[in-house]
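These notes are about the structure you will find just below.
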Amino acid sequence: MEAKADYSQDGTVDFRGQPALSSKTGKWKACAFLVGYEAFERMAFYGVASNLVNYLTSQLHEDTVSSVRNVNNWSGSVWITPILGAYIADSYLGRFWTFTVSSLVYVLGMSLLTVAVSLKSFRPKCSNGICNKASTSQIAFFYTALYTMAIGAGGTKPNISTFGADQFDDFNPNEKELKDSFFNWWMFTSFLGALIATLGLVYIQENLGWGLGYGIPTAGLLVSLLIFYIGTPIYRHKVRTTKTPATDLIRVPIAAFRNRKLQLPSNPSHLYEHTLQHYVNSAKRQVYHTPTFRFLDKAAIKEDGAGSTRVPLTVTQVEGAKLIFGMILVWLVTLIPSTIWAQINTLFVKQGTTLDRNLGPHFKIPSASLGSFVTLSMLLSVPMYDRIFVPFMRQKTGHPRGITLLQRLGIGFSIQIIAIAIAYAVEVRRMHVIRTNHLASPKDIVPMSIVWLMPQYVLIGIADVFNAIGLLEFFYDQSPEDMQSLGTTFFTSGIGVGNFLNSFLVTMVDKITGRGNKKSWIGDNLNDCHLDYYYGFLVVMSSVNLVVFLWVSSRYIYKRESIRIKEGLCVQIEGNQTLDASLGLQFTSDTACHRSQNDVPVHTLYPDTADKIMLPARLTTVNLVPSSSLKRTFSTQILLLLVLKHDRRCGVNFILVSRGKVLPRKLLIRK
């Protein structure tokens, strides 16, 4: 009979609906069955997306602006449909079954696409070098296949990554540490699939046939799905709530408006909330009050009077709505960076077709394969970020992730601005070569190596290590517990809206700048337009967006969750106060795990890793170091013992702060 302690502590269950055993389910051994699908799905998506603009112009004979617009609209749909998929998962089917149904739809879409590009009857005919435009039926079949794939992606994209994250128990410090690296390595797998697509599949499409280039990832998807189902016995599943989680987003503002005439209490503790034991028993996290969106706090006011029967919403419910509204503000300032990212599969590719693509006498690099440099830079940067950058910054800042999630995004956005500025400079250089050589025809190849485009691809790849992974982790981490699938759709929908925004910008810029027979910034003939002006416009727009992002992030308050602890804990809260936390009690991560050195009260003990605290043995209240000096008292010896026991038993490092300064690590372990 299994020991009770062997069960996962986060309330997850196995495929039979029984409490999940920690030793037999979850962790990386479960995720190993998931990563194969992610790799092949990314191969399929990027195998289509990276070369789609070339297929539309060379095979279906669309013009440049139309092809860019259609690629952006389809990509936008792929990234925005996850909102529906996440809602269905959180509210009705759960992540496993939503993924199962959607993955079959995705494979159907890829199969139809393979048929569309393989059979000549689905492509327009050419005679004597003159090709007709695609017929209505040909266009209808091709785009039906494309958007079937987009619908399938809507259910797979938000659920496969969160289902993977569910395999790690937040209440187990060892698994929590593994989870902190999960998204980095999950995206590493995603990047690997994209690399194979942009290097291998694109070459196969242009040299061996479009049908083979689409058929390989389709077959890979089928195999990866079989592998996924083999792992079913060891998966952990979140227990779905009986209510629809997203309804709180509506209920909270309505309740706050209904109570608009009531006076908010000066002390937030007077707002309505369940007891700590309620959340312990339900294996949920209590979210504590934050001083943002104060008007919404009125939803948690309990009306006085004998005639009042309406039960107010809890602080945790109100804070969940606040989190979503705060995330919306962050999401809005990610749209412009997503617009920059949209250039990779559109204008960057068309720009590459005008350059000299010969690498040696016998090999010509496909313009879409330049996207592999984005992926290569990601693959090289992720291990460096996870193994070098994070530990180094963790020592400097004391933050479990090295830097905060919003700081990570800010760095990525800054690198992205540099990348598009370089793209602008390279385009200026390309136009100079065109004028020097008196080129005018759209078929003229500019005597300038395609390698000139490499820096902008590499920098966007490095930026994505901060942006893409940072956004996915931010929206998952900051989402209310019952809406984490829906929360990750902030990441995907941001990319989707960014693609739609780029489609809108390209269309409007072409119309406005091409009025009165003027030379359009973006035209069918990239050798006779001003693409450099458009890139310059994106540089200015991105720079303004960065300033807005810095303002928003400076005012963002991170989620304050409760932490369930299994043993007694002695922590100084502030001043000379101490807390003797008995078995099973909870208290806030802000109390026990401060987010930066500046937030730490003098003489406070706090962990510098995750917001998980679990002591190996019950302790009594400890009087921490006196404010006058760091004397070697009996209490400090107990404190140092506490540090050592954490290091050896739990792998959690603690830091002692005195007068606002972090003491050296060697001082803490000195006998």
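Points worth noting:
Yes/no per residue for (1) in the same structural domain as Ser50 (by TED's automatic domain parsing); (2) assigned to a helix (DSSP H, G or I); (3) closer than 19 Å to Met187 by Cβ:
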{"position": "Ile340", "(1), (2), (3)": "yes, yes, yes"}
{"position": "Asn345", "(1), (2), (3)": "yes, no, yes"}
{"position": "Phe348", "(1), (2), (3)": "yes, yes, no"}
{"position": "Ser377", "(1), (2), (3)": "yes, yes, yes"}
{"position": "Tyr385", "(1), (2), (3)": "yes, yes, yes"}
{"position": "Ile403", "(1), (2), (3)": "yes, no, yes"}
{"position": "Gln407", "(1), (2), (3)": "yes, yes, yes"}
{"position": "Ile411", "(1), (2), (3)": "yes, yes, yes"}
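- Any hit, the range 544-551, residues being at pLDDT below 85, among the polar types (S, T, N, Q), closer than 30 Å to Ile83 by Cα and part of a helix (DSSP H, G or I): no
- Screening Arg260 on (1) at pLDDT below 85; (2) touching a helix residue (DSSP H, G or I) at 6+ places or on another chain (Cβ under 7 Å) shows it passes everything except condition (1).
- Pair list, Cβ under 8 Å, 6 or more apart: the range 514-541 residue outside the structural domain of Leu355 (by TED's automatic domain parsing) and among the β-branched types (Val, Ile, Thr), other residue modelled with pLDDT under 80 and surrounded by fewer than 16 Cβ atoms within 10 Å (Cβ to Cβ): none
- When each of Val78, Val71 is tested for being part of a helix (DSSP H, G or I), within 18 Å of the chain's Cα centre (by Cα) and crowded, with 23+ Cβ neighbours inside 10 Å, the lone residue that passes is Val78.
- Being of a type in the set (Phe, Trp, Tyr), under 30 Å from Thr488 (Cβ atoms) and in the same structural domain as His61 (by TED's automatic domain parsing) is a condition met by at least one residue of the range 144-152.
- Residues in the range 397-437 that are modelled with pLDDT of 90 or more, charged (D, E, K, R) and farther than 22 Å from Val333 by Cβ: Glu427, Arg429, Arg430.
- Pair list, Cβ under 6 Å, 6 or more apart: the range 87-111 residue of a type in the set (Val, Ile, Thr), other residue modelled with pLDDT of 95 or more and surrounded by 20 or more Cβ atoms within 10 Å (Cβ to Cβ): none
- Residue within the range 494-510 that is within 30 Å of Val287 (Cβ to Cβ) and surrounded by fewer than 16 Cβ atoms within 10 Å (Cβ to Cβ) present: no
- Residue in the range 352-363 that is closer than 19 Å to Leu192 by Cα, in a helix (DSSP H, G or I), in the same structural domain as Leu526 (by TED's automatic domain parsing) and of a type in the set (Gly, Ala, Ser) present: no
- Residues of the range 150-192 that are more than 20 Å from Leu93 (Cα to Cα) and of a type in the set (D, E, K, R): Asp169, Asp170, Glu175, Lys176, Glu177, Lys179, Asp180.
- Qualifying residue in the range 121-137 (condition: of a type outside the set (Ser, Thr, Tyr), in the same structural domain as Asp14 (by TED's automatic domain parsing) and closer than 30 Å to Gln478 by Cα): no
- Subset of the range 330-345 [of a type in the set (Gly, Ala, Ser) and modelled with pLDDT of 90 or more]: Ser338
The values are calculated or read from the model by the stated rules, or taken from the named source; none is laboratory data. Nothing here was measured: the structure is a model prediction, and the numbers come from that model. Ideal geometry is used to build each Cβ from the backbone, glycine not excepted, and the neighbour counts take in all protein chains shown.
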